[in-house]
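Undergrad: Below is a structure I'd like to ask you about.
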């Protein structure tokens, strides 16, 4: 079984179950307390629907930059972990996808 992190209707990251579990939980733990409403929207398919994906598709121009910053924070935090090298290529690929989304530029 595998998982997917959906960014838009035509962009996402399909990854192995191990990679999915690792990235998704690193990201979840990096949301700031004041951003929990964004986390709930993103994680609803996984938490409420039991699906093997999370989704940023429905995030607006205010919420998406919060998600993008959370992913950056999660990646930076995970760099200190012994397992980082195992997931480094996926982090890089995912960050590139996130940065390409037009909503990421709305906050700038």
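Undergrad: Test of understanding: ordering 97, 15 by Cβ neighbours within 10 Å, fewest first, what list do you get?
TA: Working: 97 17, 15 20.
Fewest-to-most Cβ neighbours within 10 Å comes out as 97, 15.
Undergrad: Then there is this: In units of 2.2 N^0.38 Å, what is the alpha-carbon radius of gyration of the chain? Walk me through the numbers before you get to the answer.
TA: Numbers: Rg = 12.8 Å, N = 108, 2.2 N^0.38 = 13.0 Å.
Working it through for the chain, the quotient is 0.98.
Undergrad: Further, regarding this structure: Quick one: among 43, 64, 22, which has the greatest mean-square fluctuation in a GNM of the chain with alpha-carbon springs under 10 angstrom?
TA: Comparing 43, 64, 22 in the GNM, the peak value goes to 22.
Undergrad: Still on this structure: Residues of region 59-76 with amide nitrogen under 11 Å from the 7 Å Cα-to-Cβ point of residue 37?
TA: From region 59-76, the list is 63.
Undergrad: Using helices alone, what [θ] at 222 nm do you get for the chain, with -39,500 (n - 2.57) per DSSP H run of 4 or more residues, divided over all residues and rounded to the nearest 500?
TA: Numbers: 5 runs with 61 residues, N = 108.
Rounded to the nearest 500, it is -17500 deg cm²/dmol.
Bear in mind these aren't lab numbers, they're just calculated from the coordinates by the rules spelled out. Just so we're clear, the structure is a prediction, and the values are computed from it rather than from any experiment. Note that we place each Cβ from the backbone using ideal geometry, even for glycine, and neighbour counts take in every protein chain shown.
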